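Report on the structure given below.
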């Protein structure tokens, strides 16, 4: 098991709100500076536009820094997944996180199950694991139907129990259901806070150990060390009113969360 960072841990650094966004090479350098050995390029559209030479350069940079790359996207349409498998191959990434999307003009659960099963021979041929993430648009029961329907160890779950709260699924219920199938672990804490005037709540991120995530119980069930599952740090950090304050807090959370996970070893 290794502790790594995601593009979601540097979300505001590469956001369009930043007039000088951090580059992918800069993210890898930051990961190295912080002593992490895994970086997940997740939901980062610019990676789709990199040509073979540029992808090879990203891979060389990661190799030189001793960083293992993982990749993340959304959706299970065959052409899209094949494109991302090609990107993963070019980057030397053996973990591809994706999401079963729901809504108009996207596959339903039955079709999604068939689409994921269809891609299994490519996953097995390339030695890449597809980890489908828990989130509120798809019930955990439906997600597990897709995962188990693939009938392959190359398809599993990317566990992020904080995502499912909006669907009124309790985080630890999701952890218990998904634990045998987890292949990738997104680690972020989360909490509710009262809105102004005590009218409603805001559900947002929190530094690890300060929110509602029962990290110790989750790890006891998932057993990432024993099973070789990487733990990838993400944030749900709300905008803090200005860029400088937001970036400073984002960096503080990243260092705090890395130290928190290292203290658990």
### Message
I'd like to check something: does segment 241-261 contain any residue that is at pLDDT 95 or above, in a loop (DSSP other than H, G, I, E, B) and closer than 27 Å to residue 94 by Cβ?
### Response
no
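Looking at segment 13-57 only, could you name the residues that are farther than 25 Å from residue 81 by Cβ and within 16 Å of the chain's Cα centre (by Cα)?
If the condition is that a residue be farther than 25 Å from residue 81 by Cβ and within 16 Å of the chain's Cα centre (by Cα), then 31, 36, 37 are the ones that fit.
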### Message
Criterion first (crowded, with 21+ Cβ neighbours inside 10 Å, in contact (Cβ under 8 Å) with a residue 40 or more places away in the chain and assigned to a helix (DSSP H, G or I)) does residue 62 satisfy it?
### Response
no
### Query
Hey, among 93, 88, 56, which residue is part of a loop (DSSP other than H, G, I, E, B), at pLDDT 95 or above and at negative phi?
93
### Summary
Of the residues in segment 194-226, those that are in a helix (DSSP H, G or I), surrounded by 13 or more Cβ atoms within 10 Å (Cβ to Cβ) and without any contact (Cβ under 8 Å) to a residue 60 or more places away in the chain come to 215, 217, 218, 219, 221
### Task
Any chance you could count how many residues in segment 65-85 are without any contact (Cβ under 8 Å) to a residue 40 or more places away in the chain, in a helix (DSSP H, G or I), crowded, with 20+ Cβ neighbours inside 10 Å and in contact with a helix residue (DSSP H, G or I) (Cβ under 7 Å, 6 or more places away or on another chain)?
0
### Message
Condition first: outside any helix (DSSP H, G or I) and within 13 Å of residue 110 (Cα to Cα). Now tell me which residues in segment 136-164 satisfy that.
### Response
138
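The values are calculated or read from the model by the stated rules, or taken from the named source; none is laboratory data. A quick note: this is a predicted structure, and the numbers were derived from the prediction, not measured. Virtual Cβ from ideal backbone geometry, glycine too; neighbours counted across all protein chains shown.
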